[in-house]
Amino acid sequence: MSIQFLHISDIHLDSPFHHIRNIFPELMIKCQEASKISFQYLVTYAIEQQVDIVVIAGDSFNSVYPSVSAQLFFKEQLQRLVDHHIQIVLCHGNHDYVRLPKIVALPEKVHVFDEHVETFVLTTKSQEKVAFSGFSYHHLHVQDRKVTHYPVRFSNVDYHVGVLHGALESIATEKGLYAPFSVSELNSKHYDYWALGHIHKRSILQEKPPIVYAGNIQGLNRKETGKKGAYLVTLDKGKEAVLEFIPAETILWEHVTLSLSECSTVEDVQSLLKKEEITFSQQTKIISIDFIEHAHIPEELRQFLQTDEALQVLSQNAMYIYRLTFLSSHTHTLNLNVSMEKKWGNIQQYGVENKEYQTALQSLFKNTTIRTLFPDLLHDDVFKEEVFSKAINTVEQQINH
């Protein structure tokens, strides 16, 4: 007999979306509800599919101190699963690590991992025995190689699944801080499936047996583009695992590059967006646009496209322009060696470590006027986002792909 479970991770309920600018107040409201709507959709999907188990691989909440309303919502959704006889296995991640007992208790039948690696053996409706091994974070950082404490596959079960919220060493941005592991270490356990969490970009690290990052269920910022959701996993003894991606994002983030070579007026830009099918969408979209600049563009148009008014004018229907950036059409290029390409790829996907950002700004804050007028600038997330954005764009213009 086969089993079927839904692999979810990084729900991030209560994400504040600080980086959404207040020029679109209605969008802020949509963003604050997005993760809830996406999770509710996945719970409904699991019920409709009558899956055996739902696995949540960490970071159900965006903070260790989630609001009571978010806790109540999460409990209600889990209770829906329990009421439909769907078993639940979950761990706490680095964002929602166990610090204090929550004042809203989860349903009794939810299996929550402790800080030490432990194993739950569940029996499905078809009497298949499934072992789930995992742990929960009890601190923001987990530097131990927790994977070494996972048991080798149990011989008395039909399937064994590993649940791990952590970072593969080759893609960790802050190496060793989030339960580091290697693929070879996971393979040494001989499990039938690894349900990973922490990295928001979904990725199948290995197909046989599957080692899978489900990614987050809702993009939280402009870097988290594309479809988001969960994996429906079917395991059947003697056969290859079947994975089906289930899209669930409420709001879709996109990033596009367009040429302004035929634009000299605002109407031309609007026509360009329409031609590229950017302006019409039934689903809410937040789009960052890189415009390739050309010498003939009127200065007035170029200046207008750098204003908040331009974002409002060009946004239509359910499509919101979050950011407009100019890329020069005449740039020098850089050639990157393998090591530099890898480093650059990590920066593009995961950003820069906070300590590197702080170091880079130290020279700026040596200026007395800057320190006096902007004492909190070092800790301003919006400013940090703009710095990263412009720095990355500057480098992108000069890299020869």
Task: Residue list for segment 213-232, filter: hydrophobic (A, V, I, L, M, F, W, C) and either free of Cβ contacts under 8 Å to residues at least 40 places away in the same chain or surrounded by 24 or more Cβ atoms within 10 Å (Cβ to Cβ) (or both) - done: 214, 217, 230
Task: Residue count, segment 33-75 (criterion: within 15 Å of the chain's Cα centre (by Cα) and not charged (D, E, K, R)) - done: 11
- [ ] Please work out which one of (1) buried (at least 21 other Cβ atoms within 10 Å of the Cβ); (2) assigned to a loop (DSSP other than H, G, I, E, B); (3) in contact with a helix residue (DSSP H, G or I) (Cβ under 6 Å, 6 or more places away or on another chain) is the condition residue 107 fails and give its number.
- [x] (1)
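With respect to residue 12, is the statement that it is touching a Ser or Thr at 6+ places or on another chain (Cβ under 6 Å), crowded, with 22+ Cβ neighbours inside 10 Å and not hydrophobic (A, V, I, L, M, F, W, C) true? Quick ask: steps written out before the conclusion?
Values: touching a Ser or Thr at 6+ places or on another chain (Cβ under 6 Å): yes; crowded, with 22+ Cβ neighbours inside 10 Å: yes; not hydrophobic (A, V, I, L, M, F, W, C): yes.
It is true that residue 12 is touching a Ser or Thr at 6+ places or on another chain (Cβ under 6 Å), crowded, with 22+ Cβ neighbours inside 10 Å and not hydrophobic (A, V, I, L, M, F, W, C).
In segment 218-269, which strands (runs of 3 or more DSSP E) lie fully inside it and hold 1 or more residues that are modelled with pLDDT under 95 and more than 25 Å from residue 162 (Cβ to Cβ)?
Values: elements: 229-236, 242-247, 251-259.
Once the strands (runs of 3 or more DSSP E) in segment 218-269 are filtered for at least 1 residues that are modelled with pLDDT under 95 and more than 25 Å from residue 162 (Cβ to Cβ), what remains is 251-259.
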Task: Selection from segment 124-151 of residues that are closer than 24 Å to residue 231 by Cα and either in a loop (DSSP other than H, G, I, E, B) or outside the structural domain of residue 90 (by TED's automatic domain parsing) (or both) - done: 124, 125, 126, 127, 128, 135, 136, 137, 150
- [ ] State the number of residues belonging to segment 15-32 that are surrounded by fewer than 18 Cβ atoms within 10 Å (Cβ to Cβ) and more than 22 Å from the chain's Cα centre (by Cα).
- [x] 4
Task: Candidate set from segment 16-52 (those that are modelled with pLDDT under 90 and in contact with a helix residue (DSSP H, G or I) (Cβ under 6 Å, 6 or more places away or on another chain)); member that is farthest from residue 219 (Cα to Cα) - done: 23
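The values are calculated or read from the model by the stated rules, or taken from the named source; none is laboratory data. Every value quoted in this text rests on a predicted model; they were computed, and no experiment measured them. Cβ atoms come from the backbone with ideal geometry, glycine included; neighbour counts cover every protein chain shown.
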